[in-house]
Amino acid sequence: MASAMFQKMKLPNGVEINQPVGLFINNEFVPAKKGQLIDVENPATGKVVIQVHEATEEDIDIAVDAAHNAFFDGPWRTLTSAERGKALLKLADLFEENLLQLASLEAFDNGKAIQLAKGDVQACIGCLRYYGGWADKIHGKVIETSDDRFNYTKQEPIGVCGQIIPWNFPLLMWAWKIGPAVACGNVVVLKTAEQTPLSGLYAAQLTKEAGFPPGVINIVSGYGRVAGAAIASHMKIHKVAFTGSTPVGRQIMKMAAESNLKKVTLELGGKSPNIVFNDADIDKVVEWVNFGIFYNGGQCCCAGSRIYVQEGIYDQVVEAFRKRAAANKVGNPFDEETFQGAQVSKVQFDRIMSYVDIGKKEGATVEVGGIRHGDEGYFIKPTIFSNVTEDMRIMQEEIFGPVCAIAKFKDIEEVIAKGNNTDYGLAAAVHTSSLTTAIEVANRLRAGTVWVNQYNALHWALPFGGYQQSGIGRELGKEALRNYTQIKTVSINLS
């Protein structure tokens, strides 16, 4: 049975992989109880390349029991915080040793460019090392109230954490979720996205090699409506963390509340403004605006999809941006020169193209793109709309693809109003040579992250999360540890 849980693959770049296809529960790959399989496509061709086992409610129960036993009865509970940190550091080392394999799998089932996939793995390594360093630095406090009382607080792990990750950054979200959770002493049942399970399963076997005891980290593949719902509503899961769309986030929160009122963190959608003032360096701006929307094929929750340019340089920026976008290399994810690979699936491809049609029907002007790239796979040319108004759907709704809208503004008051004219609030950016302008705009924008003269400058030490309907809680940085601990107060009578 063990051999049936792996399948040998040779990827387009020649990398050979012995790919796990089972469910990783209790440090072993096991078959799904119902024997159902998920087809995994290569988005660059649209063809099914492998099948993995699909977790259903019964499998989630088994994984949760394994995690529950590990937390309450297994060796994990007796490990010191330093030992937890050591396991995370070892896992980071193993990611480094397997960087090419992990990045190649990421490019294979997600469709992203291999150069970006390698960057994702490097970020995973940094994230895991960061939280490995935090593991033995999570402390309580002594609080003085009177001479005859000794009071202290402890930061204790929550327990069994359900984690549901998206398909746009499969491995990076894996590290963002697992790193802080296990650093704090929790155990995990993590569900990968059904479109992109391969890198998460491959990484699962590295957790065993890193020294994590059975049941501490469990990785399952499954559909959101079945396995995801089972996690969100499970009575033995104490906390759920979800990254994905805002509508699904609402459902996760509802299920968590209606079950055992489990704690919830949500990192959801965005429609981020990217603001350019007259005094900005146009050449640099165009590079950052291009990177802000077309990075990862626009499949990024914080993508700078609403671009506002001050009227004094609007025409120059539109022309320069149009030429820069047209120069992006779109195509084979395994070509080292490729910047934009394939969209993740036909469903996503069709959704993006439907928004292109909506933009055209609403009267916006296509400056560049607006059509598919090639005749195989799910590729879309970088697309820029101009002549847009605030009420257009392409200005208000998250498209999640290589499509942006560009509009002009007169002054700070107008652009602040436009920038905040959204139900979201995940990220924003401002480009200017004036520090005064940068700080004023950053302070007034309703967004969890504001970049100045840059975009997509994420780092594992910097908290990331949104205002309004972009989510609850923060990923990354010290703030992420708050998601995975609970405070216990102990007060001792000394009299």
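Taking all C-alpha pairs of segment 297-442, those more than 24 Å from each other amount to 34 percent.
The share of accessible area on segment 376-489 that comes from carbon and sulfur is 48 percent, using a 1.4 angstrom probe.
For the residues 431, 139, a 1.4 Å probe over the protein chains yields an accessible-area ranking, largest first, of 139, 431.
For segment 64-167, give the percent of accessible area contributed by carbon and sulfur heavy atoms, probe 1.4 Å, rounded to a whole number. Using a 1.4 Å probe with all protein chains present, segment 64-167 comes out at 50 percent carbon and sulfur. Here the spin labels are modelled as points 7 Å beyond Cα on the Cα-Cβ line, and at residue 258 and residue 444 they lie 4.3 nm apart. Given axes a ≥ b ≥ c from the Cα gyration tensor, I'd like to know whether segment 391-495 is rounded (a/c under 1.5), prolate (a/b larger than b/c) or oblate. Judged from the Cα gyration tensor, segment 391-495 comes out prolate (a/c at least 1.5, a/b above b/c).
From the Kirkwood radius over Cα pairs of the chain, Stokes-Einstein at 25 °C and 0.890 mPa s returns a whole-number translational diffusion coefficient of 105 µm²/s.
Rounded to the nearest Å, what's the spacing between the alpha carbon centres of segment 255-279 and segment 151-216? Just the number, please. If we compute the Cα centre of each part, the gap is 20 Å. With a ≥ b ≥ c taken as the square roots of the eigenvalues of the C-alpha gyration tensor of segment 263-339, please select rounded if a/c is under 1.5 and otherwise prolate if a/b is larger than b/c or oblate if it is not? Oblate shape, in that a/c is at least 1.5 and b/c is the bigger or equal ratio.
Normalising the Debye intensity of segment 82-235 to I(0), with uniform scatterers on Cα atoms only, and taking log10 at q = 0.10 Å⁻¹ returns -0.39. Report, to the nearest whole %, how much of the accessible area of segment 243-363 belongs to carbon and sulfur atoms, 1.4 Å probe, protein only. The nonpolar share, carbon plus sulfur, comes to 53 percent. If you average the alpha carbon positions of segment 35-91 and of segment 361-423, how far apart do those two centres end up, in angstrom? A separation of 38 Å, based on Cα centres. Taking all protein chains as shown and a probe of 1.4 angstrom, residue 360 keeps an accessible surface of around 100 Å².
Rounded, prolate or oblate for segment 202-288? Axes are the square roots of the Cα gyration tensor eigenvalues, ordered a ≥ b ≥ c, and the cut-off for rounded is a/c under 1.5. Oblate is the answer for segment 202-288, as a/c is 1.5 or above yet b/c matches or exceeds a/b. Here the extension length gained between residue 6 and residue 51 equals 15.2 nm, from 0.36 nm per residue of separation less the Cα-Cα distance. Calculated accessible area for the chain comes out at 39 Å² per residue, all protein chains present (probe 1.4 Å; ligands, DNA, RNA ignored).
Using only Cα coordinates, the Kirkwood hydrodynamic radius of segment 310-360 works out to 13.4 Å.
Near residue 437: Cβ cut-off under 13 Å, other residues only, Lys/Arg at +1 and Asp/Glu at -1. The net charge is -3. Put 350, 59 in order of accessible area, highest first, and with a 1.4 Å probe you get 350, 59.
Membrane-span-like helices in the chain (whole DSSP H runs, Cα extent of at least 15 Å along the helix axis, mean Kyte-Doolittle hydropathy of at least 1.0): 170-183.
Computed from Cα atoms alone, the Kirkwood hydrodynamic radius reported for segment 75-158 is 15.5 Å. Taking other residues whose beta carbon is less than 9 angstrom from the beta carbon of residue 368, and scoring Lys, Arg as +1 and Asp, Glu as -1, yields +2. Ordered from highest to lowest accessible area with the whole protein assembly present and a 1.4 Å probe, 5, 253, 353 read as 253, 353, 5. Here the Kirkwood formula puts the hydrodynamic radius of segment 67-113 at 13.0 Å, using every distinct Cα pair.
Using the rule -39500 (n - 2.57) for each DSSP H run of four or more residues, divided by the residues of the chain, the 222 nm mean residue ellipticity is -11000 deg cm²/dmol.
The values are calculated or read from the model by the stated rules, or taken from the named source; none is laboratory data. Remember, it's a predicted structure, so these values are computed and weren't measured experimentally. Cβ sites come from the backbone with ideal geometry, for glycine too, and all protein chains shown count toward neighbours. Heavy atoms of the whole protein, side chains included, go into the accessibility calculation; ligands, DNA and RNA do not. Shrake-Rupley method; radii C 1.70, N 1.55, O 1.52, S 1.80 Å.
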